[in-house]
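In what follows, a structure is listed as structure tokens, so that the remarks can point back to it.
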Amino acid sequence: MDLASRRRYNDFERTLPVKKQISITADDPILNTLEFRPFQSIVERGVTPFVPRAHEKQTVDILTPWGETLTATAGDLIVYEIKTPDDRWPVNAEIFDATYVITQPGRCIKRGNTFLIPLTELTGGDEEVEVIVHSLEGKYSVRAGDFYLARGIKGEIWAMPKEKVETNLALVEE
């Protein structure tokens, strides 16, 4: 790119709106100030263990429906939506044992509550903020207006699509 083109491009870049972005980790103190609400799963899901042989790669990357990559490690369980098997995610075996129950071979239901808040509670209501979530399975970014933030039994966090919350979970009345 010549100098004049570079200047035009830089001038154009300055006219673009600044993308707001925040990053959240499981040990972020702000999480203790939020009022996570308990939800219960109302759907059965598929499950398969990730058990590679000793000479095989001990991790596998899983592409989410929203385009981010999560990493499963040997011993994790891969949970997926039965109606949409490409919508899958890894769950640490210890966490799976504490929060899911096998209903039949290859099927499970989450028995524990999932504690959620809309991500917009972290962004002051701004749905357009990009939130970078540092989960057990990796770091990924999501649009605040499209996701909830989930907090697990060991304090782990992950983003959960708003649509999935609305169709697969029910608020537990306290």
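Worth pointing out:
- If you go through segment 137-147 and keep only what is free of Cβ contacts under 8 Å to residues at least 40 places away in the same chain and closer than 22 Å to LEU77 by Cβ, you end up with just LYS139.
- Output for segment 19-35, where each listed residue is surrounded by 12 or more Cβ atoms within 10 Å (Cβ to Cβ) and among the basic types (Lys, Arg): LYS20
- Only a single item in (1) under 21 Å from PHE36 (Cβ atoms); (2) in contact with a helix residue (DSSP H, G or I) (Cβ under 7 Å, 6 or more places away or on another chain); (3) surrounded by 17 or more Cβ atoms within 10 Å (Cβ to Cβ) is not met by GLU137, and it is number (2).
- Taken over segment 62-74, the criterion of being of a type in the set (Ser, Thr, Tyr) and buried (at least 16 other Cβ atoms within 10 Å of the Cβ) is satisfied by THR64 alone.
- Segment 98-108 - residue that is among the hydroxyl-bearing types (Ser, Thr, Tyr) and assigned to a strand (DSSP E or B) and, of those, farthest from ARG37 (Cα to Cα): THR103
- Segment 109-149, residues that are part of a strand (DSSP E or B), under 11 Å from ALA159 (Cα atoms) and among the charged types (D, E, K, R): LYS139, ARG143
- Condition check for ILE62: in contact with a Gly (Cβ under 9 Å, 6 or more places away or on another chain) and more than 24 Å from VAL172 (Cα to Cα): no
- Filtered by the rule that a residue be surrounded by 14 or more Cβ atoms within 10 Å (Cβ to Cβ), without any contact (Cβ under 8 Å) to a residue 40 or more places away in the chain and of a type in the set (A, V, I, L, M), segment 36-61 gives a lone residue, VAL60.
- Cβ-Cβ under 8 Å pairs, at least 6 apart or on other chains, segment 120-136 side more than 21 Å from THR64 (Cα to Cα), far side among the hydroxyl-bearing types (Ser, Thr, Tyr) and at pLDDT 95 or above: ASP126/THR120
The values are calculated or read from the model by the stated rules, or taken from the named source; none is laboratory data. Just so it is clear, the model here is predicted, and its values are computed rather than measured. Here Cβ is always computed from backbone atoms with ideal geometry, including for glycine, and neighbour counts include all displayed protein chains.
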